[in-house]
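Before any comments, here is the structure.
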Amino acid sequence: MLQERIYLDHNATMPVRPEAARAVGQALLRGGNPSSVHAEGRRARASLEEARSVVAGLVGGAAKNVTFTSGATEALNLALTPTLHHGTDARPWHLLVSATEHPCVLRGHRFPADAVTVLPVSREGVLDLDALDAALAADTGSRPLLALQFANNETGVIQPLREAAERVHAAGGLLVCDAVQAAGRVPLDINEIGADMVALSAHKLGGPAGIGALVRARDSIHIPDALVRGGGQEKGLRAGTENGPGIAGFAAAAQAALQSLTEETARITALRDRLEAGLRSLDGAASVFGAGAARLPNTVCFALPGMNAQTALMALDLAGVSVSSGSACSSGTVKASSVLDAMGVQPDMAKCMLRASLGWTTREADVDGFLAALATTKQRIHTAGRGLAA
Ligand code: PLP
């Protein structure tokens, strides 16, 4: 019999919620092209617009300002463009990004290299607001466009969005927020955080992969250069027949996440605290990155000194546990996490970084099973190390 696995990688992708799977199936069976005028088309249009309202509600936005895309990567590629139009300020845009943004922001914008500034973060991974002030003061000839994530995918560290937005707005600029890891996990209101645009992804909240959205705070923010051009779908901002089943699954996941947000936040926080207490009792020298900052309740980014992440990841996988590490393997070499690098974490420690991310499927038994597997892995690595040294 297949052993049940322990899945603690909700930040990579969250297991699909049953409500979302059902909604996808129903939409597939219902069929219809939302642009068709016949009954099937009208029905598809109605469910698309219903889903748009639900997704808008996820971030306290207006349905008319929601553009469905293939995911957050596309939404951010769409939003971060030097042709953006808002108000009468004619200065050229200059893109500011925090150093711990997701690659889809760091590399997914449409600005030339000399119109981009990367802003530093503190040792806890929080945007350096003094550096933001300095960048704004140093370049009054450009209009600032700040890309700042709500919460980091590796550490869960939450950014000071309101403070950053106030500064950027005072300088005549706009703020684009990658809210992928926060939506459906913590309360999120586009106006409260001061964001002008927010990017979302369905598969991070229990919906299907391949569907996301860009939500604008106001319809006076214009993106003249759509990425995907052709038909007039999504008001010309995203051509191509809409992904009705994906959108229906997105909305169902958003609704389920919102309905249980308060209880789930408390439940997941308790599980996270249990996990972190277990790590400390396993190794008094365990580090939890970003622990001194406000963090998402579901993310634990940690290192046990001397326990190489790649080795641990494989051993845990064999033991039936799925977690992740921030390091990426490219061309046969393992590169340390750029997020930890930006936080000034020493390479020795960074290469031991593991991330456990919790979510709606996580139970106490998963946390305890993970801790037990980690203890065994630690022991094995330690014994193997002693063998090599002998
Ligand atoms: N932003 C963050 C913080 C993420 O974690 C991810 C996914 O890993 C993305 C953006 C990209 O989302 P998508 O998979 O929808 O393109």
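Of the residues G173, G210, G156, G184, which single one is within 14 Å of the ligand (Cβ to nearest atom) and open to solvent by less than 10 Å² (accessible area, probe 1.4 Å)? Talk me through it step by step, then tell me what you get.
Working: G173 fails: within 14 Å of the ligand (Cβ to nearest atom); G210 fails: open to solvent by less than 10 Å² (accessible area, probe 1.4 Å); G184 fails: open to solvent by less than 10 Å² (accessible area, probe 1.4 Å).
From the options G173, G210, G156, G184, the qualifying one is G156.
Hey, any hits in region 374-381 for a residue that's open to solvent by less than 70 Å² (accessible area, probe 1.4 Å), in the same structural domain as A303 (by TED's automatic domain parsing) and modelled with pLDDT under 90?
Here is the first cut: in region 374-381, the ones open to solvent by less than 70 Å² (accessible area, probe 1.4 Å) are 374-378, 381.
Restricting the remaining residues to those that are in the same structural domain as A303 (by TED's automatic domain parsing) gives 374-378, 381.
Narrowing further to those that are modelled with pLDDT under 90: 381.
For region 374-381, residues open to solvent by less than 70 Å² (accessible area, probe 1.4 Å), in the same structural domain as A303 (by TED's automatic domain parsing) and modelled with pLDDT under 90: present.
Yes/no matrix, rows are residues, columns are (1) of a type in the set (V, I, T); (2) in contact with a helix residue (DSSP H, G or I) (Cβ under 9 Å, 6 or more places away or on another chain):
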| position | (1), (2) |
| --- | --- |
| T83 | yes, no |
| H86 | no, no |
| D89 | no, no |
| H94 | no, yes |
| S98 | no, yes |
| H109 | no, yes |
| V121 | yes, yes |
| L136 | no, yes |
| P144 | no, yes |
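Taking region 36-46 as the search range and keeping residues that are of a type in the set (A, V, I, L, M, F, W, C) and part of a helix (DSSP H, G or I), which one is nearest to the ligand (Cβ to nearest atom)?
Residues of region 36-46 of a type in the set (A, V, I, L, M, F, W, C): 37, 39, 44, 46.
Still in the list and also part of a helix (DSSP H, G or I): 39, 44, 46.
Details: A39: 33, A44: 23, A46: 26 Å.
Ranking the candidates gives A44 first.
Inside region 1-30, can you point out the residues that are open to solvent by 30 Å² or more (accessible area, probe 1.4 Å), at pLDDT 95 or above, assigned to a loop (DSSP other than H, G, I, E, B) and away from the ligand (no atom under 16 Å from the Cβ)?
Within region 1-30, R5 is the sole residue that qualifies.
Would you point out the residue of region 187-207, among those that are open to solvent by 10 Å² or more (accessible area, probe 1.4 Å) and more than 16 Å from the ligand (Cβ to nearest atom), that is nearest to T83 (Cα to Cα)?
Selected residue: G194.
Looking only at region 52-74, count every residue that is part of a helix (DSSP H, G or I) and within 16 Å of the ligand (Cβ to nearest atom) and tell me the total. Walk me through how you get there before you give the answer.
We begin by selecting, within region 52-74, every residue part of a helix (DSSP H, G or I); these are 52-58, 63-65, 72-74.
Remaining after also requiring within 16 Å of the ligand (Cβ to nearest atom): 55, 58, 72-74.
The number of residues fulfilling the criteria is 5.
Could you list, in sequence order, all residues of region 92-120 that are assigned to a loop (DSSP other than H, G, I, E, B) and either outside the structural domain of A199 (by TED's automatic domain parsing) or under 20 Å from C301 (Cβ atoms) (or both)? Before the answer, list the steps.
Kept after step one, since they are assigned to a loop (DSSP other than H, G, I, E, B), are these residues of region 92-120: 92, 99-102, 107-112, 120.
Within region 92-120, A99, T100, E101, H102, P120 meet the criteria.
May I ask you to say which residue of T333, T361 is of a type in the set (S, T, N, Q) and modelled with pLDDT of 95 or more?
Numbers: T333 fails: modelled with pLDDT of 95 or more.
It is T361.
Would you mind stating whether E49 is within 16 Å of the ligand (Cβ to nearest atom), part of a helix (DSSP H, G or I) and either more than 30 Å from R272 (Cβ to Cβ) or of a type outside the set (D, E, K, R) (or both)? Give the steps one after another, and end with the answer.
Details: within 16 Å of the ligand (Cβ to nearest atom): no; part of a helix (DSSP H, G or I): yes; either more than 30 Å from R272 (Cβ to Cβ) or of a type outside the set (D, E, K, R) (or both): yes.
Judged against the criteria, E49 is not a match.
How do the strands (runs of 3 or more DSSP E) wholly within region 261-350 filter down when requiring 1 or more residues that are surrounded by 22 or more Cβ atoms within 10 Å (Cβ to Cβ): which remain?
On the way: elements: 299-303, 328-330, 333-335.
The strands (runs of 3 or more DSSP E) meeting that bar are 299-303.
The values are calculated or read from the model by the stated rules, or taken from the named source; none is laboratory data. Computed from a predicted structure; not experimentally measured. Reconstructed Cβ throughout: ideal geometry from the backbone, glycine too, with neighbour counts over all protein chains shown. Ligands, DNA and RNA are stripped out before the accessible areas are found, and what is left, the full protein with its side chains, is counted by its heavy atoms. Shrake-Rupley method; radii C 1.70, N 1.55, O 1.52, S 1.80 Å.
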